[in-house]
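*Asks:* Take a look at this one; I'll ask things after.
The values are calculated or read from the model by the stated rules, or taken from the named source; none is laboratory data. Just so it is clear, the structure is predicted and the values come from calculations on it, not from any experiment. For neighbour counting, all protein chains shown are included, and Cβ atoms are generated from backbone atoms with ideal geometry for every residue, glycine included. Just so you know, the surface numbers come from the protein's heavy atoms only, side chains and all, with ligands and any DNA or RNA stripped out. Shrake-Rupley method; radii C 1.70, N 1.55, O 1.52, S 1.80 Å.
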Amino acid sequence: MNRTVSFPELDYQQSCMDEIRQMAERPSTYHIVTYGCQMNAHDSEKLAGMLQAMGLTEAPVRDDADFVLFNTCCVRDNAERRALGNVTWLKEVRKKHPRLMIGVCGCMVQEPGMAEKIVKQYGFVDLAFGTAVMHRFPELFLRALREDHVVIETGGEDLVVEGMPACRLRREQAYISIMQGCNNFCSFCIVPYVRGRERSRRMDDILQEATALRDAGCQEIMLLGQNVNSYGKGLGEGDFPELLRRLDRVGIPRIRFMTSHPKDLSDELISVMGSAEHVLPQFHLPVQSGDDEILRRMNRHYDVARYLDRVQRLRSSVPGIGLTTDLIVGFPGEREEQFQHTLDLVDQVGYDSAFTFIYSPRTGTAAAAMPDQVPASVSSERIQRLIALQEKRQREEMLRFIGTEEEVLVEGLSRRSSDEVSGRGRHGVSVTFAGSEKDIGKIIPVQIDGVKQNTLSGVRKES
Ligand code: SF4
């Protein structure tokens, strides 16, 4: 059973926030730099909520802030290197701005050995803390203000913390974290080591949050979890399909979720996808490889036949569903014919988009110790072929939208023209059409008449 605590009940954190707010000598502005996934983006919203409760205001530009916090990701080596590079660069900024405070948090800090590395090599950092102690940020921030050495905290129990203040980026779109952690231990992945074991939020807490968002005018919620398909295990309150059914009744126009594990994608979930009014016809289903032997060594617990069966059932239940995936190239020992199986699968499925990655060894994971690491030159050549095929298949798949109507939730002005707006259709694909700032946040029906690379274009339909 998960242990749930409520933020207002964490009296000590509340008193730290009050104390910081009243301090004369404290940073007055903050800037958060976020790396990685939506989970991190949502954590940054909570960190911003706490900073604002402590009286700080956001500085839009990093170099103008009195406190810069890097919310890091360690899923891939390059994300980690980028974060550390930027932290180092701030050391220079501090020469001009001596009162600048620097914080590092998120998955990277939780990595084995990282705390020691920060003390040794990044001693100019004021504060570093892992994901498991994020709810103790006010206390740690107060200590960093008082102490003249780096404050580091990485331990922590796997808790569910309710009621943390959050400063949401948008009114019309909101993240709702439904669970945290992961029990799967895919052999390439560091997440279970840095985010802890799976723990689900209570269903009533999620429904309450969704209801409040609906009442505030939210148009779309994105449910977040490392493996949302296993939501509710050990909770005894219902599973993910049940959660979706109950959220559907709340009446928020659009419900999305990510990420799903193919091994846990049940027939019941597929059936809910076909019947729920507000659950969007889109599914992110990471396959990682199209070769059974590689999938076995990745510890994924499904084979290609099972994966294709899930795809076929999803497409029968939700015709035209938007499918996306994640793919890893150059997993240890991957031979050319095994990579070819991945190409075959990508060709066969026809994804609307795919996140493609070169395998990156993460210390402490099973795959990092496997023999036959694939040379970088081979992986680079393979990923180019994979991207070329995916782009071709994506263009072909996009053609199915021509002549159809997509309801688009407008997210902003298009990057190409200030006379155009862009947003996502119900199937998850970007759509641009003529519009202006006043359309942002609205759901607008658009007749699709063109495909430009990976986006659709169209004209607004008169309502
Ligand atoms: S399911 Fe696998 S890839 Fe996804 S977070 Fe868990 S261990 Fe990582």
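*Asks:* So, with a 1.4 angstrom probe, what is the percent of accessible area on the chain that is carbon and sulfur? Working shown, then result.
*Replies:* Numbers: 9670 of 19810 Å².
Here it works out to 49 percent.
*Asks:* List the residues whose amide H sits under 5 Å from the amide H of residue 420, counting only those 5 or more places along or on another chain, with H placed 1.01 Å from N in the peptide plane.
*Replies:* Placed amide hydrogens put 414, 435 under 5 Å from residue 420.
*Asks:* Could you calculate the FRET efficiency of residue 246 with residue 296 from 1/(1 + (r/R0)^6), where r is the beta carbon distance between them and R0 is 30 Å, rounded to 0.05? Display every interim value, and only then the final one.
*Replies:* Numbers: r = 36 Å, r/R0 = 1.21.
That pair, residue 246 with residue 296, gives E of 0.25.
*Asks:* Let me ask something else. On average, how much area does the Cα convex hull of segment 245-291 cover when viewed from any direction, in nm²?
*Replies:* Over every viewing direction, the Cα hull of segment 245-291 projects on average to 3.7 nm².
*Asks:* Using a probe radius of 1.4 Å on heavy atoms only, what accessible surface per residue do you get for the chain? Whole Å² is fine.
*Replies:* Details: 19810 Å² over 463 residues.
That works out to 43 Å² for each residue.
*Asks:* Only helical DSSP H runs with n ≥ 4 go in: add -39500 (n - 2.57) per run for the chain, normalise by residue count and round the 222 nm mean residue ellipticity to 500 deg cm²/dmol.
*Replies:* Values: 14 runs with 165 residues, N = 463.
Estimated from H runs of four or more residues: -11000 deg cm²/dmol.
*Asks:* Among 8, 101, 42, whose Cα sits farthest toward the positive end of the charge dipole of segment 3-158 (+1 at Cβ of Lys/Arg, -1 at Cβ of Asp/Glu, about the Cα centre)?
*Replies:* 101
*Asks:* Now for a different question. Mind putting a number on the dipole of segment 402-460 about its Cα centre? Charges go on the C-beta only, +1 for Lys and Arg and -1 for Asp and Glu, and I need it in Debye to the nearest 20.
*Replies:* Numbers: 8 positive and 9 negative charges, 27 e Å.
Approximately 140 debye in magnitude.
*Asks:* Something else about it: Report, by chain and number, residues whose modeled amide H sits under 5 Å from the one on residue 231, excluding near sequence neighbours (fewer than 5 apart, same chain).
*Replies:* Result for residue 231 returns 240.
*Asks:* How large is the Rg to Rh ratio of segment 402-460 when both quantities use alpha carbon positions and Rh follows Kirkwood? Can you show the working numbers first?
*Replies:* Details: Rg = 9.8 Å, Rh = 10.8 Å.
Across segment 402-460, the Cα-based Rg/Rh ratio is 0.91.
*Asks:* With point charges of +1 on the Cβ of Lys and Arg and -1 on the Cβ of Asp and Glu, referenced to the Cα centre of the chain, which listed residue (418, 346, 112) lies farthest in the positive direction of the dipole?
*Replies:* 418
*Asks:* Here is a further query. Using packing as a proxy for protection, rank 142-148, 328-334 so that the peptide with the highest average count of other Cβ atoms within 10 Å comes first.
*Replies:* Those peptides, ordered most packed to least, come out 328-334, 142-148.
*Asks:* Follow-up question, since we're still on this one. Normalising by the residue count of the chain, find the relative contact order in percent from Cα pairs under 8 Å and 6+ residues apart.
*Replies:* Numbers: 897 pairs, mean separation 48.1, N = 463.
Relative contact order for the chain comes out at 10 percent.
*Asks:* Between residue 396 and residue 119, what is the FRET efficiency for a Förster distance of 60 Å, r being their Cβ-Cβ separation, to the nearest 0.05? Please list the in-between numbers first.
*Replies:* Values: r = 53 Å, r/R0 = 0.88.
Efficiency for this residue pair is about 0.70.
*Asks:* Continuing with this model, one more query. Summarise the long-distance tail of P(r) for the chain by giving the % of C-alpha pairs beyond 40 Å. The partial results should precede the final answer.
*Replies:* Details: 23662 of 106953 pairs.
That tail contains 22 percent of the Cα-Cα pairs.
*Asks:* Measuring from label point to label point, each 7 Å out along Cα→Cβ, what is the residue 276 to residue 385 span in nm?
*Replies:* 3.9 nm
*Asks:* If the chain between residue 61 and residue 376 were fully stretched, how many nm would it gain, using 0.36 nm times the residue separation less the Cα-Cα distance? It would help to have the intermediate numbers written out before the result.
*Replies:* Working: separation 315, 0.36 × 315 = 113.40 nm, distance 3.60 nm.
Stretched out fully, the residue 61 to residue 376 stretch lengthens by 109.8 nm.
*Asks:* Taking Cα pairs under 8 Å and at least six residues apart, what relative contact order does segment 280-339 come out at, in percent?
*Replies:* 53 percent
*Asks:* What's the magnitude of the charge dipole for segment 306-399 around its Cα centre, counting Lys and Arg as +1 and Asp and Glu as -1 at the beta-carbon? Answer in Debye, nearest 20. Write down the numbers at each step before the final one.
*Replies:* Values: 11 positive and 13 negative charges, 53 e Å.
Dipole size: approximately 260 debye.
*Asks:* Could you give each residue of segment 225-242 its phi-based ³J(HN,Hα) in whole Hz, using Karplus coefficients 6.51, -1.76, 1.60 with θ = phi - 60°, and x for Gly or Pro?
*Replies:* My calculation for segment 225-242 gives x, 5, 8, 4, 5, 9, 3, x, 4, x, 8, x, 10, x, 9, 5, x, 5 Hz in order.
*Asks:* Between residue 89 and residue 167, what length comes free when the chain is fully extended (0.36 nm per residue of separation minus the Cα-Cα distance, one decimal in nm)?
*Replies:* Working: separation 78, 0.36 × 78 = 28.08 nm, distance 2.72 nm.
That pair, residue 89 and residue 167, stretches by 25.4 nm at full extension.
*Asks:* Next question, about the same structure. May I ask you to list the aspartates and glutamates whose Cα is less than 15 Å away from that of residue 392, ignoring any residue fewer than eight positions away on the same chain?
*Replies:* 344, 347, 352
*Asks:* Additional query: Distance in nm between label sites at residue 23 and residue 11, each 7 Å beyond Cα in the beta-carbon direction?
*Replies:* In this crude label model, residue 23 to residue 11 measures out at 2.3 nm.
*Asks:* Okay, moving on. Average the reciprocal distances over every distinct pair of alpha-carbons in segment 345-463, invert the result, and give the Kirkwood radius in Å. Before the final figure, lay out the partial values.
*Replies:* On the way: mean 1/r = 0.0603 Å⁻¹.
Computed over Cα pairs of segment 345-463, the Kirkwood hydrodynamic radius comes out at 16.6 Å.
*Asks:* What is the Cα radius of gyration of segment 1-122 over 2.2 N^0.38 Å, N being its residue count?
*Replies:* Numbers: Rg = 15.4 Å, N = 122, 2.2 N^0.38 = 13.7 Å.
Relative to the rule-of-thumb radius for its length, segment 1-122 sits at 1.13.
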